[in-house]
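The values are calculated or read from the model by the stated rules, or taken from the named source; none is laboratory data. Just so it is clear, the structure is predicted and the values come from calculations on it, not from any experiment. Heads up, the Cβs are rebuilt from the backbone with ideal geometry, glycines too, and the neighbour counts pull from every protein chain shown.
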There are 2 protein chains.
Amino acid sequence: MNIRENPVDLYPSRRLNEPAWYDRRDPVVHADDRENAPIGPERVREFDQNGYLVLPGLFSSEEVAVFRHELDRIREDARTGDSGETIRERESGAVRSVFAVHRNNALFSRVAGDERIAGIARFLLGGDVYIHQSRLNFKPGFIGEPFPWHSDFETWHVEDGMPRMRALSCSILLTDNTPFNGPLMLIPGSHRHFIHCVGKTPDNHYRMSLQKQEYGVPDPESLGELVFRYGIDMATGSAGSVVFFDCNILHGSGGNISPFPRSNLFYVYNHIDNTIQDDLREKSPRPSFVAEREVFAPLDIQQEHYV
Amino acid sequence: MNIRENPVDLYPSRRLNEPAWYDRRDPVVHADDRENAPIGPERVREFDQNGYLVLPGLFSSEEVAVFRHELDRIREDARTGDSGETIRERESGAVRSVFAVHRNNALFSRVAGDERIAGIARFLLGGDVYIHQSRLNFKPGFIGEPFPWHSDFETWHVEDGMPRMRALSCSILLTDNTPFNGPLMLIPGSHRHFIHCVGKTPDNHYRMSLQKQEYGVPDPESLGELVFRYGIDMATGSAGSVVFFDCNILHGSGGNISPFPRSNLFYVYNHIDNTIQDDLREKSPRPSFVAEREVFAPLDIQQEHYV
């Protein structure tokens with residue numbers, strides 16, 4: 001079944017020649033058991049309204065040191081450079097992202113199920129979750145390039161076949177994120193709209209898009225209107241803080257000319273009822289290190305200790 | 001006489017294979033008549049120590065409207081596009097800078113001698129001044145690219161033959177500059193050091209360097225050390241504010257992914273005793289629209305009204 005003939009696709013994109021706005025047809029907070037919430041009701045309301053949440057100090061500086069040590073080891077590991085799971089900066093060739101660390105790395109596999117983050121994901125998504133994607137991101141100092149506004153869900157929907165908005169991203173800051181080193185910027189409230197993006201996806205878009213996204217980017221007029229309505233927020237925080245953000249919130253980042261690199265450990269949690277469907281995808285699948293297509297088993301969530 | 005054999009060059013750069021730090025041999029504030037200062041003594045001290053100064057609201061919103069109207073006219077003027085005095089964004093082709101507006105544009109020629117800015121330049125530089133360079137800068141929304149750290153004096157010294165540090169830049173903000181639209185970033189205090197930059201200047205470097213500077217950029221270790229010592233400041237302010245900064249302060253800017261363009265009107269004042277010298281320059285001269293080489297007459301400074 002081809003998505004282009006499928007009338008039940010609630011969130012069409014990259015099909016029309018004109019931009020279009022669709023209302024979100026899914027809740028932002030899917031939680032059914034609010035009595036046992038791992039975060040307070042104000043935090044839940046904040047996530048619902050703004051589409052993101054910064055929780056300072058969720059991991060201790062000792063834990064961050066353990067993560068960074070492992071991160072440095074992975075980056076320096078010669079094999080990383082040759083692996084198809086590594087994406088480099090377009091101009092400098094510096095390592096930008098290492099994918100599938102929840103699968104390939106023992107430590108970061110444990111972190112994926114750490115109750116402090118996975119428990120919140122399970123709560124907000126209203127049930128069992130699995131990892132759709134994971135990665136280590138490095139934004140090097142001096143040469144980090146800007147990344148334009150986009151909704152992750154738009155890509156996961158069109159390129160991976162994720163049916164509904166029932167996923168979220170969790171970014172563990174491994175360095176301090178300040179206004180000076182190209183932090184995550186978000187348009188709070190934009191997660192309530194789905195912007196149909198113009199332009200057909202090129203083949204093998206995934207590799208290009210992880211360096212510099214050009215398709216699946218909303219048109220300037222829609223972005224201008226959303227920023228006019230909602231403004232722009234910066235998700236700054238110290239290392240060890242965690243940013244949760246809804247799958248459909250528009251976000252991006254400026255360049256980083258400061259000497260300070262920006263690193264984070266990134267997990268995408270998806271609800272097990274929302275696994276990706278081959279018939280919803282518009283093209284041949286992206287590699288499984290970018291989008292999980294086989295292992296949809298519920299994540300085993302538990303308390304973890306790293307130091 | 002070739003600069004490479006000239007023993008009196010106080011600020012050598014792009015000659016050695018290793019970076020080197022030289023002390024500044026010139027004052028920052030050259031003023032001899034402090035009794036008739038156009039700015040208060042705290043402001044003078046601030047410029048001296050930090051190497052820059054933001055003066056909010058120096059121009060009214062009505063005046064800014066007049067300037068922006070003229071700016072839009074120049075940008076839309078078809079001739080601008082074909083002129084050698086226009087520099088475009090490397091990737092998008094959008095107009096980035098229009099040069100020599102103090103010469104070619106009646107309005108911006110008057111602004112160059114406006115007592116509110118030229119009077120401060122004359123005071124800080126300790127006497128009569130002329131315009132070494134002027135330009136309108138546009139940093140478009142969505143696609144503005146980062147600009148790396150550099151000292152303007154390093155370029156003016158090596159590529160134009162400006163002998164000493166007795167010049168300053170004056171940037172009139174024509175749009176609000178916020179942390180979100182790629183504002184000017186500066187390393188306060190860096191103006192007291194001259195960093196010898198590594199790498200020989202390529203031919204016709206000026207055109208490339210105005211898009212993306214790769215030569216005349218200090219090495220990462222020196223930049224890291226300076227930021228460690230002094231930190232980074234952002235020169236934010238509302239439209240109509242004016243940023244003065246010393247010719248040798250290290251500055252740059254991040255990308256601009258926001259919908260908000262960033263425009264400013266930019267004048268470089270140089271003291272008439274510090275005119276550029278052909279024998280100090282390392283290569284064939286840059287075009288005169290980038291660096292004044294003929295008209296060194298003292299600027300006529302007066303009160304101006306635009307509305």
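Key figures for this structure:
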| read-out | value |
| --- | --- |
| Matching residues in region A:244-280 - criterion: being assigned to a loop (DSSP other than H, G, I, E, B) and either in contact with a Gly (Cβ under 6 Å, 6 or more places away or on another chain) or within 22 Å of A:Asp72 (Cα to Cα) (or both) | A:Ile249, A:Gly254, A:Gly255, A:Ile257, A:Ser258, A:Pro259, A:Phe260, A:Pro261, A:Ile276, A:Gln277 |
| Candidate set from region B:88-100 (those that are surrounded by fewer than 17 Cβ atoms within 10 Å (Cβ to Cβ) and in contact (Cβ under 8 Å) with a residue 60 or more places away in the chain); member that is farthest from the chain's Cα centre (by Cα) | B:Arg90 |
| Residue match in region B:97-115 (condition: within 27 Å of B:Phe147 (Cβ to Cβ), among the hydroxyl-bearing types (Ser, Thr, Tyr) and in contact with a strand residue (DSSP E or B) (Cβ under 6 Å, 6 or more places away or on another chain)) | yes |
| Residues located in region A:10-34, provided they are modelled with pLDDT under 85 and closer than 23 Å to A:Leu168 by Cα | A:Asp32, A:Asp33, A:Arg34 |
| Tabulated pairs, region B:226-237, first more than 10 Å from chain A (Cβ to nearest Cβ), second aromatic (Phe, Trp, Tyr), C-beta under 8 angstrom, 6+ apart or interchain | B:Ala235/B:Tyr52; B:Ala235/B:Phe245 |
| Residue that is at pLDDT below 95 and touching a helix residue (DSSP H, G or I) at 6+ places or on another chain (Cβ under 8 Å), where the choices are A:Pro188, A:Pro202 | A:Pro202 |
| Sole residue being within 14 Å of chain B (Cβ to nearest Cβ) and of a type in the set (Gly, Ala, Ser), chosen from A:Gly126, A:Gly113, A:Gly93, A:Gly141 | A:Gly141 |
| Residue that is surrounded by the fewest Cβ atoms within 10 Å (Cβ to Cβ) [pool: residues in region B:112-147 that are in contact with a Leu (Cβ under 9 Å, 6 or more places away or on another chain) and under 22 Å from B:Pro261 (Cα atoms)] | B:Asn137 |
| Single condition A:Thr178 does not satisfy, out of (1) hydroxyl-bearing (Ser, Thr, Tyr); (2) within 14 Å of chain B (Cβ to nearest Cβ); (3) crowded, with 24+ Cβ neighbours inside 10 Å | (3) |
| Region A:101-111: number of residues that are touching a residue at least 12 places away in the same chain (Cβ under 8 Å) and surrounded by fewer than 19 Cβ atoms within 10 Å (Cβ to Cβ) | 4 |
| B:Arg73 among the basic types (Lys, Arg) and farther than 30 Å from A:Asn256 by Cα | yes |
| Matching residues in region A:47-81 - criterion: being in contact with a strand residue (DSSP E or B) (Cβ under 9 Å, 6 or more places away or on another chain) and surrounded by fewer than 17 Cβ atoms within 10 Å (Cβ to Cβ) | A:Pro56, A:Gly57, A:Arg68, A:Arg75, A:Thr80, A:Gly81 |
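Residues checked against (1) among the hydroxyl-bearing types (Ser, Thr, Tyr); (2) part of a loop (DSSP other than H, G, I, E, B); (3) within 14 Å of another protein chain (Cβ to nearest Cβ):
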position	(1), (2), (3)
B:Asn137	no, no, no
B:His150	no, no, yes
B:Met165	no, yes, no
B:Cys170	no, no, no
